[in-house]
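A short write-up of the structure that comes next.
The values are calculated or read from the model by the stated rules, or taken from the named source; none is laboratory data. The shown structure was predicted, so the numbers you read here are calculated from the model rather than taken from an experiment. Note that we place each Cβ from the backbone using ideal geometry, even for glycine, and neighbour counts take in every protein chain shown. Each accessible area value is taken on the protein alone, full model and side chains, heavy atoms only, with ligands, DNA and RNA left out. Shrake-Rupley method; radii C 1.70, N 1.55, O 1.52, S 1.80 Å.
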Amino acid sequence: MYNKQLIYKSGFVNIIGFPNVGKSTLMNSLVGEYISIITPKPQTTRHRILGIVDKYNAQIIFCDTPGFMIKTAFFMQRIMMKYIERSLEDADIVLFTTEIGKFFISDKYFSILNSLKNINKNKHFLILINKIDKIGVEYDEKILYETINYWHRIFPHSEILPISALKNINQDLLMDKILCLLSEHPPYYPKGLLSNRSERFFVNEIIREKIFLLYKKEIPYSVEIFTEKFKKNEICIHIFSSIYVERDSQKGIIIGKKGNYINQLGALSIKGIEKFFKKKVWLKLDVKVCKNWRSDYKSLKKFGY
């Protein structure tokens, strides 16, 4: 067990993996705050998001990243993959997160897994098998052992830890392992800081999360949020956010007949923003068209990519 009274430690612990394995759930669980949005749809996470934990005489900087993509159709997706590369470069510890019952045996995964073998040689590299709370529900224990053996064959020298980010199973063991592996170093960020991201960023992410939950098919992937105004006082927060889509037809879908969808979206977003900031929120949403923004450098720069 890690002795929490010893020297001060600090470092970057970066969470990587394929889509929908629970990276953002793990991030939120470890940080103790809901700072990475979560939906059942793949590729919900678009940005590199830091969550900072100050305790145990240490500062642990967790980093959530987009899921690995085999093909990138848009400039935005290539930028997302650059976030992963950057996170691997500056990581002190890499948490490669997968899930029980997942076997990436297709040739299309070979290059990604092969590149991770090189990372494994130079970094503290832990393999986390997530969602073990499904044992007894969807899987029996045999599947867990098969999953462990599969990853042990690919990364024979890496430690493997079964966890459940959703149910906090083995989270204490994971935190102890992280604290043991971190090096002596002063804090990188001022104490008490939750993330390196702005308040507007979290507003954008919460609205985008609700779009993922409310709309179907390609709409969530074609949408970006830009908060034009954010004014906070002691009583409430006044927010004006624009929803950008790529086509006029998508604008109509976002608004819905007689505004029914945009009204639902506003109500869901207000609830999420109020929960995050713990203040009353006044929110105005507008829908705009920015054609092919996912492949336009200037638009992506405006949106923070």
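Relative protection proxy for 92-101, 140-149, from highest mean packing down: 92-101, 140-149 (other beta-carbon atoms within 10 angstrom). With Cα atoms defining each centre, region 190-235 and region 78-128 are spaced 27 Å apart in the structure.
What shape does region 250-305 take by its C-alpha gyration tensor, where a ≥ b ≥ c are the square roots of the eigenvalues and a/c under 1.5 counts as rounded, a/b above b/c as prolate, and the rest as oblate? Working shown, then result.
Values: a/c = 3.45, a/b = 1.34, b/c = 2.58.
It comes out oblate by the Cα gyration axes.
Computed 3J(HN,Hα) for region 89-98, one whole-Hz value per residue from the Karplus formula 6.51 cos²θ - 1.76 cosθ + 1.60 where θ = phi - 60°, is 5, 9, 6, 8, 9, 10, 9, 7, 9, 10, glycine and proline marked x.
Here's the picture: charge each Lys and Arg Cβ at +1 and each Asp and Glu Cβ at -1 in the chain, and of Ile84, Phe62, Trp293 the one pushed furthest to the positive end of that dipole is Trp293.
Given +1 at the Cβ of Lys and Arg, -1 at the Cβ of Asp and Glu and no other charges, the dipole of the chain around its Cα centre is 1260 debye to the nearest 20. The string of couplings for region 225-237 from the Karplus curve (6.51, -1.76, 1.60, θ = phi - 60°) is 10, 9, 8, 6, 9, 9, 10, 10, 10, 5, 9, 8, 10 Hz, one whole number per residue in order, with x for Gly and Pro. Legend: Rg and Dmax of region 149-203, from Cα coordinates, 16.4, 44 Å.
Each peptide in 64-73, 279-288 gets a packing score, the mean of other Cβ atoms within 10 Å over its residues, and the list from highest to lowest is 64-73, 279-288. Put simply, the amide H of Leu166, placed in the peptide plane, has neighbours under 5 Å in Lys131, leaving out anything fewer than 5 places away on its chain.
With the charge dipole of region 61-191 set up from +1 on Lys and Arg Cβ and -1 on Asp and Glu Cβ about the Cα centre, the Cα lying farthest toward the positive end among the listed residues Ile143, Ser111, His157 is that of Ser111.
Per residue of the chain, the DSSP helices (runs of n ≥ 4 H) give a summed -39500 (n - 2.57) that works out to -11500 deg cm²/dmol at 222 nm.
Let me know the charge dipole size of region 215-295 about its Cα centre in debye, to the nearest 20, where only the beta-carbon of Lys, Arg (+1) and Asp, Glu (-1) is charged. Kindly include the intermediate steps, with their values, before the conclusion.
Details: 18 positive and 8 negative charges, 42 e Å.
For this selection, approximately 200 debye.
Computed from Cα positions, the angle between helix 260-277 and the longest principal axis of the chain comes to roughly 50 degrees. Distances between placed amide hydrogens fall under 5 Å for Cys236 paired with no residue 5 or more residues away or on another chain. An ellipsoid equivalent to the chain, defined through the eigenvalues of its Cα gyration tensor, has semi-axes of 34, 24, 18 Å when rounded to whole angstrom and sorted largest first. The modelled label-to-label distance for the pair Lys284/Lys167, using points 7 Å beyond Cα in the direction of Cβ, is 4.8 nm.
Relative to the longest principal axis of the Cα atoms of the chain, the long axis of helix 199-214 lies at roughly 90 degrees. What the phi angles of region 27-32 give under the Karplus curve with 6.51, -1.76 and 1.60, with θ = phi - 60°, is a coupling list of 4, 4, 5, 6, 7, x Hz, glycine and proline written as x.
Taking a point 7 Å from the Cα of Arg153 along the Cα-to-Cβ direction, the residues of region 64-105 with backbone N closer than 18 Å to it are 98-105. For region 30-188, the Kirkwood estimate of hydrodynamic radius, built from reciprocal distances between every pair of different alpha carbons, is 17.0 Å. Structural size metrics of region 117-240, computed from C-alpha coordinates, are Rg and Dmax of 20.7, 57 Å. For region 183-305, the fraction of alpha-carbon pairs lying more than 26 Å apart is 26 percent, rounded to a whole number.
By accessible area, using a 1.4 Å probe on protein heavy atoms only, region 19-129 has 52% of its surface on carbon and sulfur. The angle between the Cα long axis of helix 110-122 and the longest principal axis of the Cα atoms of the chain comes to about 60 degrees, rounded to the nearest 10. Rg over Rh for region 1-75 works out to 1.07, both radii taken from alpha-carbon positions and Rh defined as the Kirkwood radius.
Applying 1/(1 + (r/R0)^6) with R0 = 25 Å to the Cβ-Cβ distance of Tyr188 and Ser295 gives a FRET efficiency near 0.15.
Placing +1 on the Cβ of every Lys and Arg and -1 on the Cβ of every Asp and Glu, with nothing else charged, gives region 13-97 a dipole about its Cα centre of roughly 420 debye.
Please sort 162-172, 13-23, 181-191 by packing, taking for each peptide the average over its residues of neighbouring beta carbons within 10 angstrom, highest first.
Values: 162-172: 17.7, 13-23: 22.5, 181-191: 13.1.
Final packing ranking: 13-23, 162-172, 181-191.
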